[in-house]
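Remarks on the structure that follows.
The values are calculated or read from the model by the stated rules, or taken from the named source; none is laboratory data. Please read these numbers as outputs of a predicted model, since none were measured by experiment. Here Cβ is always computed from backbone atoms with ideal geometry, including for glycine, and neighbour counts include all displayed protein chains.
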Amino acid sequence: MSEQTVQIRTSGKVLQSPCGPIVHGLEDVLIKNTTISDIDGEKGILWYRGYRIEDLAKFSNYEEVSFLVLYGRLPTRSELKEYERRLKSSRDLHPATVEVIRALAKAHPMFALEAAVAAEGAYDEDNQKLIEALRVGRYKAEEKELAYRIAEKLIAKLPTMVAYHYRFSKGLELVRPRDDLSHAANFLYMMFGKEPDPLAAKGIDLYLILHADHEVPASTFTAHVVASTLSDLYSSVAAAIAALKGPLHGGANEMAVRNYLEIGDPSKAKELVEAATKPGGPKLMGVGHRVYKAYDPRARIFKEFSRDYVAKFGDPKNLFAVASAIEHEVLNNPYFQQRKLYPNVDFWSGIAFYYMGVPYEYFTPIFAVSRVVGWVAHILEYWENNRIFRPRACYAGPHDLQYIPIDQR
Ligand code: CMC
């Protein structure tokens, strides 16, 4: 890169560099055109393929929404039936994947999920065929069909991977998927070995709908970067899972509920919120967003669901009460007001899960169970006009140093 010095304003967003402006964290940098989802961060609106998530949450289910996200339109009744049949017939895992999950039974499930997705990809014959075609630069109708088939398999298999990890971690027998249950109900059934309460199944379904896509957060961007090298869909999804795992992204749902449990008492909310306003203090998990400068619409919907859930089943650990007190403090604190920091989707989502008996380590894996459709839809969209991602960094160190042998240093 040129050594000419360019004067640029140094702010949180743009960093000074001798080579040119560095958009820190790629804020507002556009990477492609998309028709998958759109966010109005100022108004707090989210659309999938043009449909408001409030409508999808009210009228639809994950099967239909995942079809919409993947194929770009709502299915007809017969298309939906056929799609559901394909998902149900793809829920089982390769024996090698089951062994990988068993070997990682004591690890955090996000590690196991990442490894399980990679393992499944290594043994999926469709994936191997697609890899061979991509190696010679062939991506025509036949390969696209294969890619969509693989995308559906990933959507079908992630719930099984997460549920099996839970069973292994508890030393329990595996529960095979059941064809007569919906995506959400079957997931809870595979975890707990009994048909779920209808409100719990609805909660999981709602969560899956609300997390299906979100334009290009870190995990989806990671999926693009990996897929842009013409690596395969499974590897791209495994990488996306690795990105999702961090507490600044999907890992925040686990951290939020852990905070509520630790506090345990709404009267301590102010202290926690104040601590997050101090320089160098811990960030308040489940609050703030790169794009939303308003209340996250997904959080609004999940807050309502959490309220209904605790109204029916109680709030014995004070999770809803503590979260409500934290929200009140955040919304009335000048630090959060000035920075336009509001509760995000991760703020409310874990409360009902916790009361369903889902341990908090499984909250982020369930995020992946939903978001997998967004990842694969974005990859397939990008592959229509693929170009490898290859940005630059501004080198700020010395050049042409003299090598000094080790015994002379
Ligand atoms: N608690 C306290 N201060 C915060 C928080 C928070 N949760 N979020 C942002 N800030 C402050 C930040 O310190 C900075 O202050 P200053 O201007 O004085 O330096 C200002 O607000 C802007 O924040 P930023 O870190 O530059 O914002 P970003 O766009 O880089 O990061 C974020 C966005 C979501 C990573 C961040 O808000 C955060 O860390 N939130 C907590 C983690 C979280 O809830 N993540 C889930 C995000 S939504 C779902 C998902 O993506 O998975």
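State which residue is surrounded by the fewest Cβ atoms within 10 Å (Cβ to Cβ) when the search covers only the range 247-285 and only residues that are more than 9 Å from the ligand (Cβ to nearest atom) and within 22 Å of the chain's Cα centre (by Cα).
ARG258
Just the residues that are more than 10 Å from the ligand (Cβ to nearest atom), without any contact (Cβ under 8 Å) to a residue 40 or more places away in the chain and either farther than 28 Å from TYR139 by Cα or small (Gly, Ala, Ser) (or both), please, taken from the range 217-238.
Listed by number, the list holds a single entry, SER231.
For the range 287-305, which positions are within 16 Å of the ligand (Cβ to nearest atom) and not in a loop (DSSP other than H, G, I, E, B)?
VAL287, PRO297, ARG298, ALA299, ARG300, ILE301, PHE302, LYS303
Need at least 1 residues that are in contact with a strand residue (DSSP E or B) (Cβ under 6 Å, 6 or more places away or on another chain) and surrounded by 14 or more Cβ atoms within 10 Å (Cβ to Cβ) per element, so show me which helices (runs of 4 or more DSSP H) inside the range 34-144 make the cut, counting only ones lying wholly within it.
So the answer is 53-59, 62-71.
For the range 227-286, what are the residues that are within 18 Å of ILE351 (Cβ to Cβ), touching a Phe, Trp or Tyr at 6+ places or on another chain (Cβ under 7 Å) and not in a loop (DSSP other than H, G, I, E, B)?
Hits for the range 227-286 are ASN253, GLU254, ALA256, VAL257, ARG258.
Looking at the structure I just gave you, is GLU329 out of contact with any Pro (no Cβ under 7 Å at 6 or more places or on another chain) and among the charged types (D, E, K, R)?
yes
Exactly one condition in (1) within 16 Å of the ligand (Cβ to nearest atom); (2) over 28 Å from VAL23 (Cα atoms); (3) at pLDDT 95 or above; (4) out of contact with any strand residue (DSSP E or B) (no Cβ under 9 Å at 6 or more places or on another chain) is false for ILE326; which is it?
(4)
What is the number of the single condition among (1) over 22 Å from TYR360 (Cβ atoms); (2) free of Cβ contacts under 8 Å to residues at least 40 places away in the same chain that GLY121 does not meet?
(2)
Can you name every residue in the range 1-58 that is among the hydroxyl-bearing types (Ser, Thr, Tyr) and either under 24 Å from GLY203 (Cα atoms) or modelled with pLDDT of 95 or more (or both)?
Within the range 1-58, THR34, THR35, SER37, TYR48, TYR51 qualify.
Go through the residues of the range 353-360 one by one and say whether even a single one is closer than 30 Å to ARG167 by Cβ and within 16 Å of the ligand (Cβ to nearest atom).
Among the residues of the range 353-360, at least one is closer than 30 Å to ARG167 by Cβ and within 16 Å of the ligand (Cβ to nearest atom), which makes the answer yes.
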